[in-house]
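The values are calculated or read from the model by the stated rules, or taken from the named source; none is laboratory data. All values derive from a computational prediction rather than experimental measurement. Quick reminder, even Gly has a Cβ in these numbers, built from the backbone with ideal geometry, and neighbours come from all protein chains shown.
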Amino acid sequence: MSDDHKLLPAQLQTQLIHHPYRPPAGFEALPPAVHKASTVIFSNVAAMRSRDYRHKTGYTYGLHGTPTTFTLEARIATLEGGQFCELVPSGLAALTLVGMAFLKAGDEVLLPDNSYGPNKSFAQVELAAWGITHRFYDPMDSADLAAKLSSKTRLVWFEAAGSLTMEFPDVPAAIAVIKAFAQPHARGILTAMDNTWGSGIAFCAFDLGVDVSAHALTKYPSGGSDVLMGSVVTRDEALYLLLHLCHMRLGFGVSGNDVELVLRGLNTIALRYAAQDSATCALALWLQKQDQVEAVLHPALPNSPGHATWARDCSAAACLLSIVFKPEYDQDQIDGFCDQLKLFKLGYSWAGPISLCAPYDIASMRTTAWPYKGGLVRLSVGLEALDDLRSDIAQALSAMHYSKG
């Protein structure tokens, strides 16, 4: 072995690990610094014993936060009009954290029948195994919600707009129903919203009256289809502490590098939301005129369920629309439409730069009646040129029509 490749002396190895150099203070740049740590160093035992991770006044361990995660939490809270924020590894983790923090055996949770499938499954499997019951209600029928409330109800979920079917519920009216029921029973009922669609831009969930907002940061805040992360936001400190302590016990953590990407994405979220909203509205209007289409589900369309409520409460309508095909087109033809698309890629998730599509069997996913007989395809509109996306859908529709004839 040459002299250039001798092992380092033991004392040099220690010096490299415990190097005394510290960079000068005062460095400031546009991107926030990325801090990555499991272990956090304390100056003395007194500091170790006095740190309070619950109120973010200091640092105790990587799972309890770094300057980077605290920065993102503050910005997400601002985005959503809240005060306290907890980061979790995915949007689904945000939904499950709410259930685990606030529910106990003997409680009941109500979910809208059009809500995100994995949140319904969490109630049906894990919560049920823990002695927590659930019921599904029609999000467009306040009377149905009122009928489902009971002395066991502890949590009611909202989703605006509905996953896949895009109904926009009257959340303030529903919360008024919940409060009217809860008051004479002297029982607090918490309300939570999956606010991924609105993302703090289309509307403020807290202004509509909800207590807690869950958000898949995977979608709009990231914007790059390259990060999994979620958040839970509230304005209520007591609720936040319940979330925070449950979060700590579950051991949820997020990567500093992933936080960096979401922080970067937040710089352009308003511009991307507006661009994708505009393109989606244009495609929705055009799709309504196509021969193969029975209905287009998009809250900004006058015929879409909950349009009047959307117009009252919202300033935008995100990047999602669903196509309901006429019933004479069978599932093979609908699948063929999806396969024929070139720019719209087959895949789950949404709000990234690339447009996506996926077919769904809605009737099998709901307990309430579904009014359409034809199959449904959800489109997520990306950042490609509008004319190119329209042409791509047109050629897929044309091929579908040809296969039928």
- Query: Among the residues of segment 79-87, is any in the same structural domain as Cys246 (by TED's automatic domain parsing) and free of Cβ contacts under 8 Å to residues at least 12 places away in the same chain?
  - Reply: no
- Item | Criterion: small (Gly, Ala, Ser), outside any helix (DSSP H, G or I) and over 22 Å from Gly200 (Cβ atoms) - qualifying residue of Ser322, Ser398 | Ser322
- Query: Just to be sure, is Arg249 over 30 Å from Val377 (Cα atoms) and basic (Lys, Arg)?
  - Reply: yes
- Among the listed residues Arg54, Arg75, which satisfies the condition of being outside any loop (DSSP other than H, G, I, E, B) and more than 21 Å from the chain's Cα centre (by Cα)? Arg54
- Single residue of segment 356-380 satisfying the filter (modelled with pLDDT under 90 and β-branched (Val, Ile, Thr)) that is nearest to Asn119 (Cα to Cα): Thr367
- From Val34, Val45, Val98, grab the single residue that is within 27 Å of Tyr273 (Cα to Cα) and not assigned by TED's automatic domain parsing to the domain that holds Phe206. Val34
- Item | segment 97-155, residues that are closer than 21 Å to Ser231 by Cα, in contact with a helix residue (DSSP H, G or I) (Cβ under 7 Å, 6 or more places away or on another chain) and among the polar types (S, T, N, Q) | Asn119
- Search segment 298-318 for residues that are aromatic (Phe, Trp, Tyr) and pair each with any residue that is not in a helix (DSSP H, G or I) when their beta-carbon atoms are under 6 Å apart and the residues are at least 6 apart or on different chains. Trp310/Phe168; Trp310/Pro299
- Among the residues of segment 198-213, which ones are touching a Cys at 6+ places or on another chain (Cβ under 9 Å) and aromatic (Phe, Trp, Tyr)? Phe203
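Any residue that is polar (S, T, N, Q) and surrounded by 19 or more Cβ atoms within 10 Å (Cβ to Cβ) - is there at least one of those in segment 248-259? So that I can check it myself, show each step before the final result.
First, pick out the residues of segment 248-259 that are polar (S, T, N, Q): 255, 257.
Checking the rest, the ones that are also surrounded by 19 or more Cβ atoms within 10 Å (Cβ to Cβ) come to none.
No, segment 248-259 contains no residue that is polar (S, T, N, Q) and surrounded by 19 or more Cβ atoms within 10 Å (Cβ to Cβ).
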- Message: Could you tell me how many of the residues in segment 353-381 are among the small types (Gly, Ala, Ser) and surrounded by fewer than 23 Cβ atoms within 10 Å (Cβ to Cβ)?
- Response: 5
- For segment 58-65, does any single residue satisfy the condition of being at pLDDT below 95, under 37 Å from the mean Cα position of the chain (by Cα), surrounded by 10 or more Cβ atoms within 10 Å (Cβ to Cβ) and in a strand (DSSP E or B)? yes
- Please find, among Gly198, Gly188, Gly223, the residue that is buried (at least 17 other Cβ atoms within 10 Å of the Cβ), on the phi < 0 side of the Ramachandran plot and among the small types (Gly, Ala, Ser). Gly198
- Check off (1) surrounded by fewer than 22 Cβ atoms within 10 Å (Cβ to Cβ); (2) assigned to a strand (DSSP E or B); (3) touching a Lys or Arg at 6+ places or on another chain (Cβ under 7 Å) for Arg154 and give me the number that stays unchecked. (3)
- Task: Quickly run through segment 15-42 and pick out the residues that are under 15 Å from Pro67 (Cβ atoms), among the charged types (D, E, K, R) and modelled with pLDDT under 90.
- Result: Glu28
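Let's see how each residue does on (1) of a type in the set (Gly, Ala, Ser); (2) touching an Asp or Glu at 6+ places or on another chain (Cβ under 6 Å); (3) part of a strand (DSSP E or B); (4) in the same structural domain as Leu92 (by TED's automatic domain parsing):
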{"site": "Ile334", "(1), (2), (3), (4)": "no, no, no, no"}
{"site": "Asp339", "(1), (2), (3), (4)": "no, no, no, no"}
{"site": "Ser349", "(1), (2), (3), (4)": "yes, no, no, no"}
{"site": "Val377", "(1), (2), (3), (4)": "no, no, yes, no"}
{"site": "Glu384", "(1), (2), (3), (4)": "no, no, no, no"}
{"site": "Asp387", "(1), (2), (3), (4)": "no, no, no, no"}
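Residue-by-condition table, conditions (1) farther than 26 Å from Pro221 by Cα; (2) touching a Lys or Arg at 6+ places or on another chain (Cβ under 7 Å); (3) in the same structural domain as Cys314 (by TED's automatic domain parsing); (4) at pLDDT 95 or above:
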| residue | (1), (2), (3), (4) |
| --- | --- |
| Phe168 | no, no, no, yes |
| Arg187 | yes, no, no, no |
| Thr196 | no, yes, no, yes |
| Ile201 | no, no, no, yes |
- Query: Which one is surrounded by the most Cβ atoms within 10 Å (Cβ to Cβ), of the residues in segment 115-143 that are in contact (Cβ under 8 Å) with a residue 60 or more places away in the chain and of a type outside the set (Phe, Trp, Tyr)?
  - Reply: Asn119
- Message: Going by what's in this entry, would Val296 be described as surrounded by 20 or more Cβ atoms within 10 Å (Cβ to Cβ) and touching a Pro at 6+ places or on another chain (Cβ under 7 Å)?
- Response: no
- Hey, Val210 modelled with pLDDT of 95 or more, part of a loop (DSSP other than H, G, I, E, B) and either surrounded by fewer than 20 Cβ atoms within 10 Å (Cβ to Cβ) or β-branched (Val, Ile, Thr) (or both) or not: yes
- Message: Take the residues in segment 25-51 that are aliphatic (A, V, I, L, M) and within 21 Å of Glu73 (Cβ to Cβ); name whichever of them is nearest to the chain's Cα centre (by Cα).
- Response: Val34
